[in-house]
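Down below is the structure, laid out as structure tokens.
We did not get these values from a lab; they are worked out from the coordinates using the rules stated. Since the structure is predicted, the reported quantities are computational estimates derived from the model, not experimental observations. Note that we place each Cβ from the backbone using ideal geometry, even for glycine, and neighbour counts take in every protein chain shown.
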Amino acid sequence: MRIRVLGSSAGGGFPQWNCNCPNCDGLRRRKLMAHARTQSSIAVSANEVDWLLVNASPDILGQIRDTPELQPARAMRDSGIAAVLLMDAQIDHVTGLLMLRERAGALPLLATPEVLSELDSGFPITRLLSHYCGVAPHPVPTDGRTFTAPGLEGIELQAVPLASKPPPYSPFRGNPRPGDNIGLVLRNPATGARVFYAPGLGEVTPELLAIMATCAVVLVDGTFWTGDEMQRLGLSPKAAADMGHLPQSGPGGMIEHLARLPATTRKLLIHVNNTNPILIEDSPERDELTRRRIEVARDGMDIRF
């Protein structure tokens, strides 16, 4: 089974179009050892022909161009994207659905009832798409049951409710529901190997850590290095926790939790904000991750399990 990292950045990409933080400015001026990144999304396949798109970022068209496997060209108009699964209703994870409107038939869309509700009302993408290809909604269970995606029976899926935040436009922003944000366990039925994917993660509970410990690969929230990163740079009054993200460093940070996983677990960070120093490949923060055997996901990365 194969995972293709289509995009590894947080919302806005890297460099962000309107940002002149040291990272974005340094990349534009070619003064940093760093690479541009698009907004986070992955694609998963059991046969490398039919793919499950997990989150549809605003950069989806460029990501498809950079991934020939997503265009198998079996007909005059075709796509390897068999279905889309959404982890949440954040704009940087759903706006790309609009770019898929030329699809010949209704787009199978897997999401929790909470996310489907947001996309029917607060940010009514599904209603907009009803005038184009249409959407075939598939509610995702969050009670521990496994499920499959239409046309992708070779991939076993399990949704895990996470502590995080619904989108700023949501009326539930200040009162999150269990289905607003999920992690995803992907299992290869042929080998039993499992991957845990969670680009938005505000808290690692003992129960969640136990699930992560059963996985060969964990691909988790790498948004901020410190909890006050945006505040220190004067870019936002909000801390990482206010945005539903667990920073990597400090007591209780992601690094500390990942250290509790088995030594054999491959650990990767994704959804990296443009302000995060781990984007700089020769930074002390990246060196620290390397010492701890934690990788930073990059666009175009392949993960096989």
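Under a Gaussian network description of the chain, with springs only between Cα atoms under 10 Å, the residue in 56, 263, 213 that fluctuates furthest is 263.
Specify the longest stretch of the chain that does not include any exposed loop site, a site being one of the GluC sites (Glu not before Pro) with a non-H, G, I, E, B DSSP assignment and at most 12 other Cβ atoms within 10 Å.
Details: sites that count: 48, 102.
Free of exposed loop sites, the longest segment is 103-305.
Cα centroids of region 131-195 and region 253-305: 23 Å apart. Counting neighbouring Cβ atoms within 10 Å and putting the fewest first, the residues 51, 17 line up as 17, 51. Taking θ as phi - 60° and the Karplus parameters 6.51, -1.76 and 1.60, the scalar couplings of region 79-94 work out to 7, x, 6, 8, 6, 10, 10, 9, 7, 6, 10, 5, 4, 6, 10, 10 Hz in sequence order, x denoting glycine and proline. In order along region 13-30, phi translates into HN-Hα couplings of x, 9, x, 6, 4, 10, 9, 10, 5, x, 5, 5, 5, x, 5, 4, 8, 6 Hz, rounded to whole numbers, per the Karplus curve 6.51 cos²θ - 1.76 cosθ + 1.60 with θ = phi - 60° and x for Gly and Pro.
Within the chain, the ratio Rg/Rh, alpha carbon atoms throughout and Rh by Kirkwood, equals 0.94. For the chain, the cysteines with no partner cysteine C-beta closer than 4.7 Å are 21, 133, 215. When all alpha-carbon pairs of region 134-254 are counted, what percent fall beyond 16 Å? Roughly 66 percent, once rounded to a whole number.
For the chain, the mean residue ellipticity at 222 nm estimated from helices alone is -4000 deg cm²/dmol, where every DSSP H run of n ≥ 4 contributes -39500 (n - 2.57) and the total is divided by all residues, rounded to the nearest 500. Cα centroids of region 95-116 and region 43-92: 11 Å apart.
Across region 2-304, C-alpha contacts under 8 Å between residues 6 or more apart give a mean separation that, scaled by the residue count, equals a relative contact order of 19 percent. Across region 296-305, coupling constants 3J(HN,Hα) worked out from phi with the 6.51/-1.76/1.60 Karplus curve, θ = phi - 60°, read 10, 4, 9, 4, x, 5, 10, 10, 10, 8 Hz, and Gly and Pro carry x. Under 24 Å of direct C-alpha separation, and excluding same-chain neighbours fewer than eight residues apart, residue 165 reaches these lysines: 238, 267.
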